[in-house]
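Here the structure comes first, spelled out in structure tokens, and everything after it is commentary.
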Amino acid sequence: MLDFTEYSKIFLSLFAILDPIGMIPIIIAFTLGLAPQKRARVGRMASFSVTTILLIALLVGEWVLEFFGISMHSFRVAGGILLLLMSIDMLFGNRHIPAPNDSADGESTSSLAIVPLSTPLLAGPGAISTIILDAHKGHGVGHYVALGAEIILMGFIVWLTFLIAPWISQRLGRIGSDVFSRLMGLVIASIAVEFIAAGLRGLFPMLG
């Protein structure tokens, strides 16, 4: 089991990758015109889906890598490249927001909460790869319980984001949300470089 500082870093990196605050404009766009009850349903479904996806990645993600014969170093490089591409999109503001569906029924709101809000926008490949890599950093039940607790806390934050998204969006404005998203993009780019460097050192020990 890792120390408290390491788990704090893991949580902060996961927060930066999911970027629930930076996703507020997208959340608003997708839920625009929905009744408060339907918006609350989307928030509950999205937070539950994000938590479930990341917990599955935590519990069986490493086993899936072993099944397909993928080394952790190769996955670390691939994950780093993926995060780097994601961060470039965030830094240059290239996130695309589809038109909202203002006539969604119960079934379609559930679908909206899962795809695309839960995945790939929130619990996307970047977050999944990060969880798998973080799971590999420690051993024992305590390590997995700590990571599971962080994932559940992250899901709770996602749920709160849906609740307060309209209020925050009005206060931050478009410019404030864009600035925060770009700051998160810079953090993710730094994490990506660390992933790639560590993976390359593992694949090519001569790099030191």
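Scanning segment 184-197 for residues that are surrounded by fewer than 16 Cβ atoms within 10 Å (Cβ to Cβ) and among the hydrophobic types (A, V, I, L, M, F, W, C) returns Leu186, Val193, Ala197. Taken over segment 48-85, the residue count meeting the criterion of being of a type in the set (A, V, I, L, M, F, W, C) and closer than 24 Å to Ser111 by Cα is 8. Residue count for segment 116-163, restricted to those that are over 10 Å from the mean Cα position of the chain (by Cα) and either among the hydroxyl-bearing types (Ser, Thr, Tyr) or assigned to a loop (DSSP other than H, G, I, E, B) (or both): 7.
Please verify whether segment 27-43 includes one or more residues that are within 23 Å of Leu83 (Cα to Cα), buried (at least 17 other Cβ atoms within 10 Å of the Cβ) and either at pLDDT below 85 or charged (D, E, K, R) (or both). Yes, segment 27-43 contains at least one residue that is within 23 Å of Leu83 (Cα to Cα), buried (at least 17 other Cβ atoms within 10 Å of the Cβ) and either at pLDDT below 85 or charged (D, E, K, R) (or both).
Among the candidates Ser110, Ser103, Ser118, the residue that is at pLDDT 80 or above and of a type in the set (S, T, N, Q) is uniquely Ser118.
The values are calculated or read from the model by the stated rules, or taken from the named source; none is laboratory data. The structure presented is a predicted model; accordingly, all values stated were derived computationally and were not measured. Positions of Cβ are generated from backbone atoms using ideal geometry, with glycine treated the same way; all protein chains shown enter the neighbour counts.
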